[in-house]
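Just below is one structure, and these are the notes that go with it.
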Amino acid sequence: MQGASWLIALMKDPQLAATVPEQDWVLIIRLLRKQQLLARYSYLFRQVAVFDALPAYARHHLQNAEILARKQFHQVEFEASELVTLLAPLKVTPLFLKGAAYSLALGASIGQGRTYSDIDILVPKEAITSVEQRLALHGYFGEPMTPYDQHYYRQWTHEIPPVRHHSRGTIIDIHHNLVPPVSGRAPDISHFLTHLVTTEQGYQVLALPAMTLHSIIHLLFNEEFKNGFRDLTDLHLLFLQFKQPAQWDALFELATATGFSTELFLACRYCRSILATGLPDDFYQRLERQHGATKNQAILDFAFKRVLAPRHPVTDNWQDKLADTLCWLRGHWLKMPVPILLWHLIVKSSRGLLVAVLGKSYFEPERR
Amino acid sequence: MLHDVLLEHVVVHSFSDGSGTVFFNQVTGETLGVSLTAQQLERLVLNGETDISVQAQDLHALSRMLKLPSQSLEKANV
Amino acid sequence: MSSQQFLLLPPFTFEVRTDIPLVADNLKRLYGNRLVDMVSYPDYFVSVQKAEGIRRFYRPQARFFADQQEPFQPLQQQQAYAMLEWGMNWCIATHEMQYVIIHAAVLAKDNKAILFPAPPGSGKSTLTTWLAFHGWRLLSDEMALIQPHSRTVIPFVRPICLKNNSITLAKQWFPDATYSTVASDTHKGDVIHLSPPESSWQHNKEPAEIVGVVFPNYRSDTEMDIYQLDKTQSFMQLAQNAFNYGVIGHDGFATLCQLIDRVAGFEIFYNDLALVAEFLQQELIDAGG
């Protein structure tokens with residue numbers, strides 16, 4: 001087995017780690033680091049008590065990542081409580097999304113070992129300026145960015161440029177929707193807001209089916225798949241948390257109501273085919289009846305099975321790169337009406353040309 | 001005991017030469033050193049004794065490691 | 001096509017790729033037989049590559065990568081070797097969490113080690129150089145790797161990074177030592193790397209026990225002033241120079257507390273390196289630690 005196949009096999013059955021030839025760990029560790037999955041796998045190996053049987057090389061790198069992830073896991077609750085306290089006078093309760101939500105709500109299963117570079121919150125659109133101002137007053141400032149990117153964020157997306165705490169370095173992404181409104185696909189956010197739960201510690205997050213759908217949208221309604229496999233393992237582990245038929249129904253209904261049932265179908269299809277994720281037969285068949293007969297399914301399969309695999313430039317071939325391009329085009333196509341898409345591509349690409357001509361550092365605003 | 005008033009995730013150590021005490025918040029990574037022994041700190045924090053002279057900003061820093069609002073410490077020290 | 005080689009730098013191994021001849025030459029010169037063609041278990045994959053773009057014709061640049069990550073802005077190509085050295089430090093400082101890592105030089109005699117934690121500009125590397133070429137064993141110029149809950153420091157022998165005036169001094173004192181080419185005008189000024197004496201390389205797997213912590217401050221007008229620090233002061237200064245102790249949490253804090261409780265701490269102001277060596281020998285090595 002090659003490195004990438006091992007990553008898939010070990011996600012399905014972590015017990016297999018004991019059988020990995022020692023030399024294969026070099027590529028496995030390298031791929032896991034690239035996918036930011038070292039800590040997640042480390043915890044998986046511990047859960048099935050195989051960690052201690054691994055070679056010293058593997059244990060060394062897994063444990064380093066585990067220590068970093070543990071620190072983040074503890075810090076996120078501190079950061080979350082800071083945000084809740086700061087926003088309380090505005091009568092805004094932040095809804096925690098993605099990585100931070102996994103840590104706050106699903107610590108033992110998905111949060112542990114899941115690392116992320118920023119904390120995502122959702123607040124009401126009308127409150128977004130006051131939230132931004134209040135955070136700035138307490139030391140969270142925007143990062144330097146080019147005027148074009150600044151404009152793009154404000155004009156077209158579902159979030160404002162990220163803010164960063166001046167001393168702790170924590171980055172907060174503030175959203176008012178889960179999808180850029182410009183795409184014409186932004187759901188009526190109230191559909192999601194009927195699926196809120198509060199964690200034991202009092203943090204607001206989406207209930208499991210809605211959290212899963214958001215994770216699906218984030219992965220598949222997108223043009224970049226740098227951490228495609230990491231995000232697929234998020235879905236795999238989220239699906240494993242579904243215990244009642246009502247949760248599957250809620251997922252199906254929410255996806256239909258918000259117009260993301262194609263994405264739900266694709267997510268289920270590739271979780272099944274890549275990670276053999278167990279999904280209820282009737283649930284999957286219902287999706288397949290609705291979406292399975294697309295003419296382009298073969299192209300989608302070709303592309304997604306590659307962008308969602310554990311990838312690394314040292315193992316990539318031309319088909320992998322073609323898949324990246326197809327998915328990049330598809331992602332942009334989905335997200336933007338054509339006139340804006342052209343403008344965005346033109347600006348990005350003429351800038352890309354200038355970067356190619358002048359060197360990358362020319363355009364990066366100096367940090368600090 | 002000083003340990004009873006530490007914030008969660010804060011650990012503390014007093015040095016063998018009696019030169020002072022250091023606090024470490026494991027969540028924020030913040031470290032604070034004060035030139036008071038564990039006994040002096042206990043008298044200041046638990047008993048509110050006022051013969052120990054401490055700067056206001058040190059008290060404020062201390063209040064971020066201990067389960068006491070900075071005002072009550074300052075009051076104790078005025 | 002860039003060449004791919006490996007550096008054996010216990011306790012770590014690096015795969016190094018570069019398409020810049022200047023970098024390849026310096027690597028060979030400074031690391032000697034620590035640079036090999038094949039290893040089984042590389043820990044980190046680093047590369048320094050020429051940057052693309054028209055700029056390469058009038059102001060050639062180099063980029064550093066730690067596998068697929070690019071932690072720094074591109075630098076001028078004449079600085080590429082220094083960039084590689086800093087990049088390798090970056091790998092260790094950001095990934096290694098099983099040692100308490102202090103930004104400090106470490107030198108030892110009879111396996112009794114002294115930590116010299118110091119911010120840039122304190123003259124630490126000049127002192128390091130002088131001691132390393134006067135019978136002390138260099139364990140590290142930049143990073144002390146301390147085993148948690150012990151006083152044991154693990155060597156991580158690498159070239160010494162010298163800046164500005166100390167380059168001239170070192171070359172005057174030790175003209176036969178092995179130096180890299182100069183990287184001029186970096187954010188630290190002019191920079192050169194110096195290969196430590198062969199004896200330090202040969203013992204690069206032998207740990208030592210820390211017997212003292214000394215904070216050096218070079219002062220051109222002061223021959224030698226020594227201040228014994230109280231333990232709280234020593235700890236706070238040490239913590240300021242700790243790379244990862246905020247991340248590793250309680251183990252890091254406890255290790256530094258125990259260390260400070262058991263060894264002496266000094267701050268020294270000096271311009272006479274022979275006097276410093278004499279003081280260290282008498283006060284910390286002969287005293288038994």
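The values are calculated or read from the model by the stated rules, or taken from the named source; none is laboratory data. What you see is a predicted model, and the numbers here were worked out from it, not measured in a lab. Here the Cβ is made from the backbone with ideal geometry for all residues, glycine too, and neighbour counts use every protein chain on show. These accessible areas exclude ligands, DNA and RNA; they are computed on the full protein's heavy atoms, side chains included. Shrake-Rupley method; radii C 1.70, N 1.55, O 1.52, S 1.80 Å.
Counting only protein heavy atoms and rolling a 1.4 Å probe, how much accessible area do A and C lose on contact, total for both sides, in Å² to 100?
Working: alone 17690 and 13070 Å², together 28380 Å².
The buried area between A and C, both sides summed, comes to about 2400 Å².
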Q: Compare the Cα positions of A:LEU287, A:THR129, A:THR157 along the charge dipole of chain A (+1 at Cβ of Lys, Arg; -1 at Cβ of Asp, Glu; about the Cα centre) and return the one farthest towards the positive end.
A: A:THR157
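Roll a 1.4 angstrom probe over the protein heavy atoms and tell me the percent of accessible area of chain C that is carbon or sulfur. Intermediate results must be reported in sequence, preceding the final value.
Working: 5430 of 11250 Å².
In chain C, the share of accessible area belonging to carbon and sulfur is 48 percent.
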Q. Can you give the charge dipole size of the protein assembly as shown about its Cα centre, rounded to the nearest 20 debye, using +1 on the beta carbon of Lys and Arg and -1 on the beta carbon of Asp and Glu?
A. 2140
**Q.** Calculated from backbone phi, Karplus (6.51, -1.76, 1.60) coupling profile of region A:81-88 in Hz, x at Gly/Pro
**A.** 5, 4, 5, 4, 5, 5, 8, 4
Q. What does the charge dipole of chain A about its Cα centre add up to, to the nearest 20 debye, if the Cβ of each Lys and Arg holds +1 and the Cβ of each Asp and Glu holds -1?
A. 580
Q.
I'd like to compare A:77-85, C:75-83: which one has the highest average count of other Cβ atoms within 10 Å, and what's the full order after that?
A. C:75-83, A:77-85
Q.
I'd like the residues of region C:25-55 whose 1.4 Å-probe accessible area shrinks by no less than 50 Å² going from the isolated chain to the full set of protein chains.
A. C:TYR41, C:ASP43, C:PHE45, C:ARG55
Q) Hey, how many Å between the Cα centroid of region A:220-245 and the Cα centroid of region A:9-34? A) 20
Q. In terms of modelled amide H atoms, which long-range or inter-chain residues lie less than 5 Å from the amide H of C:THR13?
A. C:ASP43, C:TYR44
Q | Other-chain or far-sequence residues with amide H under 5 Å of C:ASN244's (modelled H) | A | C:ILE101
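Note the buried accessible area between B and A here, summed over both chains, with a 1.4 Å probe, in Å² to the nearest 100.
Working: alone 4770 and 17690 Å², together 22110 Å².
In total, chains B and A hide about 300 Å² from solvent.
If packing is taken as the average number of other Cβ atoms within 10 Å across a peptide's residues, how do A:42-53, A:64-75, A:292-303 rank, most packed first? All intermediate terms of the calculation are to be shown ahead of the outcome.
Values: A:42-53: 17.0, A:64-75: 20.8, A:292-303: 12.6.
Per-residue Cβ counts within 10 Å, averaged per peptide and sorted highest first, yield A:64-75, A:42-53, A:292-303.
DSSP beta bridges in region C:3-95, what fraction antiparallel, as a percent rounded to 5? Before the final figure, lay out each step's value.
Working: 17 of 22 bridges.
Taking every DSSP beta bridge with both residues in region C:3-95, the antiparallel ones total about 75 percent.
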Q | Delta accessible area of at least 40 Å² on complex formation, residues of region B:18-39, 1.4 Å probe, chain isolated as reference | A | B:SER19, B:VAL22, B:PHE24, B:GLN26, B:VAL27, B:THR28, B:THR31
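Among C:237-246, C:203-212, what's the highest-first ranking by average C-beta atoms within 10 angstrom per residue? Spell out each step's value before the answer.
Numbers: C:237-246: 21.0, C:203-212: 18.4.
Packing proxy ranking, top to bottom: C:237-246, C:203-212.
Hey, can you find the accessible area per residue of the protein assembly as shown for me, probe 1.4 Å, expressed in square angstrom? All intermediate terms of the calculation are to be shown ahead of the outcome.
Working: 31590 Å² over 735 residues.
Result: 43 Å² of accessible area for each residue.
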(Q) I'm a student and want to see the number: the projected area of the Cα convex hull of the protein assembly as shown, averaged over all directions, in nm². (A) 34.9
Q.
Over 28 Å between Cα atoms: which of A:LYS98/A:LYS125; A:LYS125/A:LYS305; A:LYS71/A:LYS125 fall into that group?
A. A:LYS125/A:LYS305; A:LYS71/A:LYS125
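Let me check against my output: what whole-number percent is the relative contact order of chain A, with C-alpha pairs under 8 Å and at least 6 apart?
On the way: 465 pairs, mean separation 56.6, N = 368.
It rounds to 15 percent for chain A.
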Q) Is the shape of chain A best called rounded, prolate or oblate, per the rule: a/c under 1.5 gives rounded, else a/b larger than b/c gives prolate, else oblate, with a ≥ b ≥ c the square roots of the Cα gyration tensor eigenvalues? A) rounded
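Can you sort C:GLU96, A:GLU126 by 1.4 Å-probe accessible area, starting with the largest?
Working: C:GLU96 0, A:GLU126 160 Å².
Solvent-accessible surface, decreasing: A:GLU126, C:GLU96.
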Q.
Can you list the residues in region C:75-121 whose accessible area drops by at least 40 Å² when all protein chains are present, compared with the chain alone? Use a 1.4 Å probe, heavy atoms only.
A. C:HIS95, C:MET97, C:GLN98
Q: Determine the percent antiparallel among the DSSP beta bridges restricted to chain C, to the nearest 5.
A: 75
(Q) Taking the Cα centroid of region C:67-111 and of region A:146-164, what is the distance between the two, rounded to the nearest whole Å? (A) 34
Q. What is the Cα centroid distance between region C:168-188 and region C:230-281, reported in whole angstrom?
A. 28
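Size of the dipole of region C:3-95 about the Cα centre, Lys and Arg at +1 and Asp and Glu at -1 on the beta carbon, nothing else charged, in debye to 20? Please list the in-between numbers first.
Values: 9 positive and 9 negative charges, 76 e Å.
It comes to approximately 360 debye.
Determine the share of region A:202-282's accessible area contributed by carbon and sulfur atoms, expressed in whole percent, with a 1.4 angstrom probe. Before the final figure, lay out each step's value.
On the way: 1150 of 2510 Å².
Ligands and nucleic acids excluded, carbon and sulfur reach 46 percent.
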**Q.** Protein accessible surface hidden between C and B, which excludes ligands and nucleic acids, total in Å², probe 1.4 Å
**A.** 1200
Q) Among the DSSP beta bridges whose two residues both lie in region A:3-336, what percent are antiparallel, rounded to the nearest 5? A) 65
Q) Which value at 222 nm does the protein assembly as shown reach when only helices count, each DSSP H run of 4 or more adding -39,500 (n - 2.57), with the total divided by all residues and rounded to the nearest 500 deg cm²/dmol? A) -13500 deg cm²/dmol
